Amino acid sequence: MRVRVLGIESSCDDTAAAVVAHTPGARPEILSNVVLGQADLHARFGGVVPEIAARAHVEKLDHAVAAALDAAGLDLRDLDAIAVTAGPGLIGGVLSGVMLAKGLAAATGLPLLGINHLAGHALTPRLTDDVAFPYLMLLVSGGHCQFLLVRGPEDYTRLGGTVDDAPGEAFDKVARLLALPQPGGPAVEAEARTGDPSRHPLPRPLLDRPGCDLSFSGLKTAVLRARDTLVARDGGLHRAARADLCAAFQGAVSDVLTEKSRRALALYLAALPPQPVFAVAGGVAANLCLRRALEAQAQAAGARFFAPPLALCTDNAAMIAWAGIERLRQGATGDAEVTARPRWPLDTASPALIGAGRKGAKA
Ligand code: KG4
Ligand code: ZN
């Protein structure tokens, strides 16, 4: 039977709503995908301010849902379920989404599904490319960084993750250090295009240690030192020197993620998956230099590589609606209780790696 699910996402700084339809045996259809960003509200603070984000979600959520239904040409009565991000993330934002979804579910009698935001990212390759379980996923964004073995919609093993910053967070901080605009990732990537990555030898953190854990905060400090040395030597930061530093930083992030991907692929392939797939998701997956390096690594290991289109890499509600559909397909009929959770690890068996970061809990 064809199902149509409304997804709602408000765990960080994007207020999003989407409708996804699915008929068993056919490809899923994204009927609408609305994202109302808040970058302008946070720009002058140099990062996401949780209270401002929560208030903006409260103001924008109704509009996002109305716009998503409108774009899909549907009414609430046409839906089969509502899926809402219930964590992990900034609690004020998550709460805003959960309260709205509970209200809509109570008013319509529709089943309500509380979705893990990370599951939304992790299941995206199935929405876009019909990828079969089990596959290896690298989630790289401003708030998350982990290697996940994805065995089913609710079956994940974390093979490794960051012990401090997420890579997107590091890109954003480096941009700030070099007086580049936010979000830092695209700005640093654009600068790096004309830079020489070999001018500044930056560290490759944790490569000397076995396993798939990562660290990015030392790299950011190394960029700060290199910048200060350049400023002291040249009396300021020249354009070409800044481009070199961006290229060196991007190269170091890419090297670290690629080598750790090689190790994660080896662990994943040891279980002889019938159709090996390595997929990436999260905003940093938009980085072309990184994408190319990861694709080459996957090919060298004999795995197919998937990176969703950018709009589905960054935070969105289509992935939340899809994660809801995956659960319905497994027989879920709605969650009796949906509670907003600031922390919610996908793999509850692995120990927590770190505390909460700028964009909320990373586990
Ligand atoms: O997935 P996302 O939209 O939100 C989070 O859950 O964090 O990711 C946003 C992050 C930001 O830190 C941004 O700087 C980074 O993704 N990003 C990039 C690029 N585009 C976005 N990082 C590196 N290169 C890019 N081209
Ligand atoms: Zn995210």
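Per 0.36 nm of contour for each residue apart, how much would the distance between Arg27 and Arg193 grow if the chain were fully extended, relative to their Cα-Cα spacing? Mind showing how you got there, number by number?
Details: separation 166, 0.36 × 166 = 59.76 nm, distance 3.69 nm.
Between Arg27 and Arg193, full extension yields 56.1 nm more.
Defining a contact as two alpha carbons under 8 Å apart and six or more residues distant in sequence, what relative contact order in percent does the chain show? Display every interim value, and only then the final one.
Details: 797 pairs, mean separation 88.0, N = 363.
Averaging sequence separation for qualifying contacts and normalising by length gives 24 percent for the chain.
Using a 1.4 Å probe and counting only protein heavy atoms, arrange Met1, Met319 so the residue with the most accessible area comes first. Don't skip to the answer; put the middle values down first.
On the way: Met1 165, Met319 0 Å².
So the residues, ranked largest to smallest area, are Met1, Met319.
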Under the Karplus relation 6.51 cos²θ - 1.76 cosθ + 1.60, θ = phi - 60°, what is the ordered set of whole-Hz ³J(HN,Hα) values for the stretch 102-110, x standing for Gly and Pro?
5, x, 5, 5, 5, 6, 9, x, 6
Please state the equivalent ellipsoid semi-axes for the stretch 75-163: what are the square roots of 5 times the Cα gyration tensor eigenvalues, largest first, in whole Å?
27, 17, 9
Can you grab the distance from the C-alpha centre of the stretch 292-310 to the C-alpha centre of the stretch 21-68, Å, no decimals?
28 Å
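Say R0 is 35 Å: what FRET efficiency, to the nearest 0.05, do Ile52 and Arg262 get from their beta-carbon distance?
Details: r = 40 Å, r/R0 = 1.16.
So, using R0 = 35 Å, E works out to roughly 0.30.
What's the extension gain from Val163 to Cys289 if we count 0.36 nm per residue and subtract their Cα-Cα distance?
Values: separation 126, 0.36 × 126 = 45.36 nm, distance 2.33 nm.
Stretched fully, the Val163-Cys289 segment lengthens by 43.0 nm.
First obtain the Kirkwood hydrodynamic radius of the chain from its Cα pairs, then insert it into the Stokes-Einstein equation at 10 °C and 1.306 mPa s, and state the resulting D in µm² per second as a whole number.
On the way: Rh = 20.8 Å.
Taking Rh from Cα pairs, D becomes 76 µm²/s.
Check the chain and count each lysine pair with an alpha-carbon distance under 19 angstrom, considering only pairs eight or more places apart or from different chains.
Details: Lys60/Lys102; Lys173/Lys220; Lys173/Lys359; Lys173/Lys362; Lys220/Lys260; Lys220/Lys359; Lys220/Lys362; Lys260/Lys362.
Lysine pairs meeting both conditions in the chain amount to 8.
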Mean-square fluctuation maximum in Gaussian network of the chain, Cα pairs under 10 Å, restricted to Phe171, Phe306, Phe278, hits Phe306
Could you identify which residue out of Val94, Val84, Val49 has the top mean-square fluctuation in a GNM of the chain using Cα springs shorter than 10 Å?
Val49
Give the carbon-plus-sulfur fraction of the accessible surface of the chain in %, rounded to a whole number; probe 1.4 Å, heavy atoms of protein chains only.
55 percent
Can you tell me, using C-alpha contacts under 8 Å and at least 6 residues apart, the relative contact order of the stretch 74-169 as a whole percent?
20 percent
Suppose we look only past 21 Å in the calculated P(r) of the stretch 177-321. What percent of the Cα-Cα pairs does that tail hold?
50 percent
What is the percent of Cα-Cα separations in the stretch 114-230 that go past 21 Å?
48 percent
Using only the Cα atoms of the stretch 14-164, construct the convex hull and provide its projected area averaged over every direction, in square nanometres to one decimal.
9.9 nm²
Report the gain in length on full extension from Ala179 to Ala232: 0.36 nm times residue separation, minus Cα-Cα distance, nm rounded to one decimal.
17.4 nm
So who's got an amide H within less than 5 Å of the one on Val277, skipping anything under 5 residues away but keeping other chains? H placed 1.01 Å off N, in plane.
Leu136, Arg304
FRET efficiency estimate (nearest 0.05) - Cβ-Cβ, Thr108 to Phe305, R0 25 angstrom
0.05
Hey, can you find the accessible area per residue of the chain for me, probe 1.4 Å, expressed in square angstrom?
40 Å²
Scoring the stretch 116-223 by relative contact order with C-alpha pairs under 8 Å, at least six apart, yields a percentage of 21 percent
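The values are calculated or read from the model by the stated rules, or taken from the named source; none is laboratory data. Predicted model, so just to flag it, every value in this text is computed and none were measured. When we count neighbours, we look across all protein chains shown, and the Cβ atoms used for this are built from the backbone with ideal geometry, even at glycine. For the accessible areas, the whole protein counts, side chains as well, though only heavy atoms, and no ligand, DNA or RNA atoms are used. Shrake-Rupley method; radii C 1.70, N 1.55, O 1.52, S 1.80 Å.
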